[in-house]
Amino acid sequence: MLKALATRAAQSLRKSWRQHLATLTLAWVAIVAVDTWRTRDLPQGPAPDVALVRAPSAGADGAAGAAGSAATPLPTTLATWRAQHPGQAVAVHFWAEWCSICKLEEPSIASLSTDRPVLGVAMQSGNAEEVAQVQRQRGMAWPTAVDPQGTLSRSWGVRAVPALVVIDPHGQVRFATSGYTPEWAMRLRLWWAQTIPQWKALLPK
């Protein structure tokens, strides 16, 4: 009797685990499919160079921060900004003032910008002065380019915010994601983009 009950319990448990595994698999496939669709137009290969217009100030007090501080004058092109961080992978973060998910990501971007080069792009969030005011109010102390009409974002294939593009030290886009990205995933992508060229350099030619 006890053996039969134990057998039925084991069978029920195995069936339950199979159902959970099937559900998780379907959920993962759906997430990957949605992310693939959202990022289908994001850049691949060489990072497109674009002219940049920087918000005049940022941060709660306008003080200079760490890597990529918004108090440092922003150059006129992405390539020039990247050249200020030689040998480093960089992140370009597209966001908008009206985007609630972007607000959830702000603490992660703030933490990331303390030791990694991060460039924000404020999509359809007003002119330079308006974006600067938002940055001061929220304490966003990293450089941000303004994109009031969304032209720059569209040229990068960004259809929705937030979006994160990671560029390796050689100017190649290694990762492009759309939607909420936790800080650990941002750091992992930057680390990988930094490491890939180093590993390739060690391979025999």
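Which numbered condition trips up Ile109, out of (1) over 19 Å from Leu188 (Cα atoms); (2) in a helix (DSSP H, G or I); (3) in contact with a strand residue (DSSP E or B) (Cβ under 6 Å, 6 or more places away or on another chain)?
Going through the list (1) over 19 Å from Leu188 (Cα atoms); (2) in a helix (DSSP H, G or I); (3) in contact with a strand residue (DSSP E or B) (Cβ under 6 Å, 6 or more places away or on another chain), Ile109 breaks only (1).
Okay, residues lined up against (1) at pLDDT below 95; (2) within 17 Å of Ala145 (Cα to Cα); (3) among the charged types (D, E, K, R); (4) out of contact with any Phe, Trp or Tyr (no Cβ under 7 Å at 6 or more places or on another chain):
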| site | (1), (2), (3), (4) |
| --- | --- |
| Gly87 | yes, no, no, yes |
| Ile101 | no, no, no, no |
| Glu105 | no, no, yes, no |
| Ser113 | no, yes, no, no |
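Being surrounded by 14 or more Cβ atoms within 10 Å (Cβ to Cβ), in a strand (DSSP E or B) and either in the same structural domain as Val92 (by TED's automatic domain parsing) or within 16 Å of the chain's Cα centre (by Cα) (or both) narrows it down to one residue among Val158, Val166, Val131; which is it?
Val166
Which residue, of Val146, Val165, Val134, is touching a Lys or Arg at 6+ places or on another chain (Cβ under 8 Å) and at pLDDT 90 or above?
The conditions single out Val146.
Taking only the range 169-190 into account, find how many residues are assigned to a helix (DSSP H, G or I) and touching a residue at least 12 places away in the same chain (Cβ under 8 Å).
So the count comes out to 5.
For the range 134-152, enumerate the residues that are surrounded by fewer than 22 Cβ atoms within 10 Å (Cβ to Cβ) and of a type outside the set (Lys, Arg).
Across the range 134-152, the qualifying residues are Val134, Gln137, Gly139, Pro148, Gln149, Gly150, Thr151.
The values are calculated or read from the model by the stated rules, or taken from the named source; none is laboratory data. Please read these numbers as outputs of a predicted model, since none were measured by experiment. Every residue, glycine among them, receives a Cβ derived from its backbone with ideal geometry; neighbour counts consider all protein chains shown.
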